[in-house]
1. Counting other C-beta atoms within 10 Å, which of Glu182, Glu163 has the fewest, and how do the rest follow?
2. What full-extension length gain, to one decimal in nm, is calculated for Leu43 and Asp109 as 0.36 nm per residue of separation minus the Cα-Cα distance?
3. Separation between the Asn200 and Leu99 pseudo-spin-labels, each 7 Å from Cα along Cα→Cβ, expressed in nm?
4. Counting helices only, and only those DSSP H runs with n ≥ 4, report the 222 nm mean residue ellipticity of the chain as the sum of -39,500 (n - 2.57) divided by its residues, in deg cm²/dmol to the nearest 500.
5. Need one number: % antiparallel among DSSP beta bridges in the stretch 91-211, to the nearest 5.
6. Applying 1/(1 + (r/R0)^6) with R0 = 22 Å to the Cβ-Cβ distance of Asp137 and Thr91, what FRET efficiency is obtained, to the nearest 0.05?
7. Just checking my list [x] 18.9; [y] 16.9; [z] 18.0 against Kirkwood radius over Cα pairs in Å computed from this structure; which label fits?
8. Suppose every Lys and Arg Cβ carries +1 and every Asp and Glu Cβ carries -1, with no other charges. What dipole size does the chain come out with about its Cα centre, to the nearest 20 debye?
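We did not get these values from a lab; they are worked out from the coordinates using the rules stated. Just so we're clear, the structure is a prediction, and the values are computed from it rather than from any experiment. Virtual Cβ from ideal backbone geometry, glycine too; neighbours counted across all protein chains shown.
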Amino acid sequence: MKIKICGITNIEDAQLAVALGATHIGLNFYPKSPRYITKQKALDITGSIRQLATPPIIVGIFVNKSEKSIRTTIKDIGLDLAQLHGDEPHTLIKNLGKLAYKAYRLGKDNIPSPIPKLCLVDAYVKGKYGGGGTTTDWEKAALIAKKTHVFLAGGLTPENISEAIKHVQPWGVDVASGVESEPGIKDPNKIQRFVENTINSIQHYTVNDNV
């Protein structure tokens, strides 16, 4: 099970998340997000966690950026992946290839066919591009998770992650506000409980990595 702690804004939270078991770290480059960070701050964070014994996959979150801008940021900061969380056209995903995956807001975005090998499903909140803390439709998410590798996002918390995994059986889980003390500031206790509950839950089923 992949565990992505998203909206990291400082070195301390990044190192803590990895130490507690996060496999992926999300850095937000959307200026209107309360979790937005500059390129320099992102470089500071990536520089610190690249030196860890088991560094995480570092994901950049972008909203409606051009292909050139995304590629430049990936190169300059050394990101592993780009998560496109806006209204990006399918052609952009295709052009970026293995460098990127799309976030789909259930209730607004149409899921393409054929479905990509990796995607994220989130809840739709009017006027927002994710991070609203609203729970995703788990029934719809479960149908998608049967067909491809899915990061489940949207309103996940230490309290509901076990139930979410039971219903959806995703390839990975993605949390931001659910492990925070305030927007952009992570809570160590919440991260620990989220990771522990995730790990305990996945013992009850086998994730299909070959979908």
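1. By the 10 Å Cβ count, ascending, the order reads Glu182, Glu163.
2. Gain in length upon complete extension: 20.6 nm.
3. Placing both labels 7 Å along Cα→Cβ, they lie 4.2 nm apart.
4. Values: 7 runs with 70 residues, N = 211.
After summing the helix terms and dividing by the residues of the chain, the value is -9500 deg cm²/dmol.
5. 15
6. 0.20
7. Computing Kirkwood radius over Cα pairs in Å and matching it to [x] 18.9; [y] 16.9; [z] 18.0 gives [y].
8. 660
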